[in-house]
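Below is one structure; the comments refer to it alone.
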Amino acid sequence: MTKISVGLQLLTTVSKEKPNNIVIKSSLKPNRSDPNTSELCFLKTCHLCLKHLRQDKDVYMYRGDLGFCSRECRESQILIDDKKELEASTKMMLASYRRCNSGAVKSDTRILFDDLRRRRQLFIVP
């Protein structure tokens, strides 16, 4: 297995008194738990089911760099992504709705409604 180094490694001597102390910037080290590291070769496995992708078979692409072994896997990933986006959008809408109806700040509609009610009471003769 070949090791591919990405970027420049920064080495800094901590102290002139202790020349053996060297700091390696940790952000430049590849993260071993990250599935997108260079150890996983591009388009070798299906992004969803992890089946081996063969060179003599079609590869179904999604979002530019995700390869899938079949249309079904690709469509499943699209549905998963759509569901995540819908859930995130719904959470944002609910949070916005709760902020508007918290009572601390009246919405424009509520202000107009209250103003209309006051005006009607002025025209009503008892």
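The values are calculated or read from the model by the stated rules, or taken from the named source; none is laboratory data. Fair warning: this is a prediction, and the values are worked out from it, not measured in the lab. When we count neighbours, we look across all protein chains shown, and the Cβ atoms used for this are built from the backbone with ideal geometry, even at glycine.
I'm checking my understanding of the structure. Among residues of segment 50-92 that are assigned to a loop (DSSP other than H, G, I, E, B) and among the polar types (S, T, N, Q), which one is surrounded by the most Cβ atoms within 10 Å (Cβ to Cβ)? Break it down stepwise before answering.
Our first condition is that a residue be assigned to a loop (DSSP other than H, G, I, E, B); within segment 50-92, this holds for 50-51, 53-59, 63-65, 69-70.
Checking the rest, the ones that are also among the polar types (S, T, N, Q) come to 55, 70.
Values: Gln55: 6, Ser70: 16.
Ranking the candidates gives Ser70 first.
Assuming Gly103 fulfils every condition listed in (1) part of a strand (DSSP E or B); (2) at pLDDT below 90 apart from one, which condition is it?
If we test Gly103 against (1) part of a strand (DSSP E or B); (2) at pLDDT below 90, just (1) comes out false.
Here is a list of conditions, (1) surrounded by 10 or more Cβ atoms within 10 Å (Cβ to Cβ); (2) modelled with pLDDT under 90, and Pro126 meets all of them except one; can you say which number that is?
Failed condition: (1).
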